[in-house]
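Q: Once you've had a glance at the structure underneath, I'll fire off some questions.
The values are calculated or read from the model by the stated rules, or taken from the named source; none is laboratory data. Since we're looking at a predicted model, the values are computed, not measured. Every residue, glycine among them, receives a Cβ derived from its backbone with ideal geometry; neighbour counts consider all protein chains shown. Protein only, heavy atoms only, side chains kept; ligands, DNA and RNA dropped before computing areas. Shrake-Rupley method; radii C 1.70, N 1.55, O 1.52, S 1.80 Å.
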Amino acid sequence: MSSTTLIGGLLVYVCIGRLIMRCLSGVIREFIFAALNLTGVFCFLFYGGNEHFVLRFGIYLVLIVSLYLALLLFATRRGLWPWVAFLAPIAALIVVRYVPGEWYAALGRALGKTWRGGPQMIGISYLAFRCSRLVLEVRNGVVKQPTFLEYINFAFFLPTMSVGPINTYQNFRRGFTEKHNVPAGRAALRILIGAVKYEFLANLCNQLTYSGLLLNDHPHRWMDLPVAMLFYYLYLYLNFSGFCDMAIGAAGLIGIPVPENFDNPFAARNMKDFWNRWHITLSTWMRDVVFSPLSKFLVGRMGIQLADHAIAITITIVFLLVGVWHGAGWNFVAFGAAQSLGVVVVHYYTIFLKKRLGRDGYKKYNDNRWVRAAAVLLTFCYFAASLIFFACTFDQIKEMLSVLKP
């Protein structure tokens, strides 16, 4: 699909979606909006992707129906039954993302088929977290049980389907129950800014990242490594935040609220602050679903005297999960471990400073602009360096290091 066709199709989708949300109501609106989103997802994310794109889309539909049935059957029951519905999307993510491709190939041979790997399900990581969070919203009485059409609209909402942000069902439904009036000019400008970041600036930075600079079979100076680290960080931010800008702008034009996913992460003064600014919807999901209940459980088991260590253990678990959520491979585990190390160091360093300096001294320390400048620079460099595990496999890292010369 050419860029012109893609842009034209997205404009048609947004215009029709805006008309549906403004001019229709009730079941008719839900039905037509669901038809629009299913058509949009099929055309933009599946059509022509490979020879089995219809089958892959059908598998996705079957999965969504299965997840809805699990929600319907188990979310409001007592005992442990709601966790069946909660874990169903996570189980789907594990099967699709982490089961080795060789297993699918072996199954295909047994069935007389040629399968080169597992099912490629676009946006499965985001879908799993959206749908699992919805189970908790229903179980806790935050929202009522959605109808099938409401579930389809939430699961297949095109702007956030592939790379988020991770919206909650409660926030998503505000577009249907309240007037979410974002000025059209502001939303269109958000899309334009996102497109410039995503299509132009990110591609410029990509020329000097690991793949663009170092993995080209030529020798390089050691100084090229920090250059690649810097520009990969800039590339990732411009690419990801640019896409989120376009998604938020498009959703705003339609009338659906979508949460922000970035809050000036370059200004973060430590890794804890950073993860409150970077991929905010993922951090929020991990905080609410994993960190809060797990930290309470560990503090209860270990005792209040060891509460600081219990929190450190929880931080480690959370960021290891963040790492493997991003992808299969030990490099993603290393990426998660690097993030957990950064946040755990901040956790213990903060405790040390508060004990050593006292409340007033700690406030003066935080207010010192030279300390802040150094902290911001250190945080920037640490995250940029840690992204090498996000961008490259261990074999690629070994290859890059082998071509670096003094």
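Q: Where does each of 15, 205 land when they are ordered by accessible area, with a 1.4 Å probe and the largest first?
A: Order by accessible area, largest first: 15, 205.
Q: Separation between the residue 87 and residue 308 pseudo-spin-labels, each 7 Å from Cα along Cα→Cβ, expressed in nm?
A: Here the answer is 3.5 nm between the modelled labels.
Q: If I stretch the segment between residue 345 and residue 94 completely, what's the gain in nm (0.36 nm per residue apart, minus their alpha carbon distance), one decimal?
A: Answer, rounded to one decimal: 87.3 nm.
Q: Same structure, new question: Distance between the C-alpha centers of segment 352-384 and segment 201-265? Whole Å please.
A: Between the Cα centres of segment 352-384 and segment 201-265 lies a distance of 28 Å.
Q: When the solvent-accessible surface of protein heavy atoms is calculated with a 1.4 angstrom probe, in what order do 125, 25 fall, highest first?
A: 25, 125
Q: Specify whether the C-alpha gyration tensor of segment 167-262 places it in the rounded, prolate or oblate class, a ≥ b ≥ c being the square roots of the eigenvalues: rounded for a/c under 1.5, otherwise prolate if a/b is larger than b/c and oblate if not.
A: prolate
Q: Now for a different question. Which percent of the accessible area of the chain is formed by carbon and sulfur heavy atoms (probe 1.4 angstrom)?
A: Taking all protein chains in place, the chain shows 66 percent carbon and sulfur surface.
Q: Where in segment 170-266 are there trypsin sites (Lys or Arg not before Pro) that are in a DSSP coil and have at most 13 other Cβ atoms within 10 angstrom of their Cβ?
A: Here the sparse-neighbourhood loop sites are 179.
Q: Let me ask something else. Note the full-extension length gain between residue 200 and residue 352 as 0.36 nm times their separation in residues minus their Cα-Cα distance, in nm to one decimal.
A: 50.3 nm
Q: Rounded, prolate or oblate: which fits segment 247-380 when a ≥ b ≥ c are the square roots of the eigenvalues of the alpha-carbon gyration tensor, with rounded for a/c under 1.5 and prolate only if a/b beats b/c?
A: It comes out oblate by the Cα gyration axes.
Q: Sticking with this structure for a sec: Counting Lys and Arg as +1 and Asp and Glu as -1, what is the net charge of the other residues whose Cβ lies under 13 Å from the Cβ of residue 218?
A: -1
Q: Subtracting the Cα-Cα distance from 0.36 nm times the residue separation, let me have the gained length for residue 405 to residue 72 in nm, one decimal.
A: Fully extending the segment from residue 405 to residue 72 adds 113.8 nm.
Q: In whole Hz, what ³J(HN,Hα) sequence does segment 142-154 give by Karplus (6.51, -1.76, 1.60; θ = phi - 60°), x for Gly and Pro?
A: Result, rounded to whole Hz: 6, 9, 7, 4, x, 6, 5, 5, 5, 5, 4, 4, 6.
Q: So, one more: Amide H neighbours of residue 220 under 5 Å, counting only residues 5+ apart in sequence or on other chains, H built in-plane at 1.01 Å?
A: HN-HN under 5 Å from residue 220: 404, 405.
Q: Taking every Cα atom in the chain, find the radius of gyration and the maximum pairwise distance Dmax, and write them in Å.
A: For the chain, the Cα radius of gyration and maximum Cα-Cα distance read 22.9, 72 Å.
Q: How big is the dipole moment of the chain about its Cα centre under a simple scheme where the beta carbon of each Lys and Arg is +1, that of each Asp and Glu is -1, and everything else is neutral? Debye, nearest 20, please.
A: 1100
Q: Could you tell me which chymotrypsin sites (Phe, Trp or Tyr not before Pro) in segment 246-287 are loop residues by DSSP with no more than 15 other beta carbons within 10 angstrom of their beta carbon?
A: Answer in residue order: no site qualifies.
Q: Using only DSSP helix segments of four residues or longer, with each worth -39500 (n - 2.57), what per-residue ellipticity at 222 nm results for the chain after dividing by its residue count and rounding to 500?
A: Using -39500 (n - 2.57) per qualifying helix, the result is -22500 deg cm²/dmol.
Q: While we're looking at this one, here's another question. Looking at this model, which pairs from 144/179; 197/405; 197/272 are more than 22 angstrom apart at the alpha-carbon?
A: 197/405; 197/272
Q: Taking the Cα centre as origin and putting +1 on Lys and Arg beta-carbons and -1 on Asp and Glu beta-carbons, what dipole magnitude results for segment 282-406, to the nearest 20 debye?
A: The calculation lands at about 580 debye.
Q: Moving to a separate point now. Select from segment 186-233 those chymotrypsin sites (Phe, Trp or Tyr not before Pro) which occupy a DSSP coil region and have at most 13 other Cβ atoms within 10 Å, ordered by residue number.
A: 222
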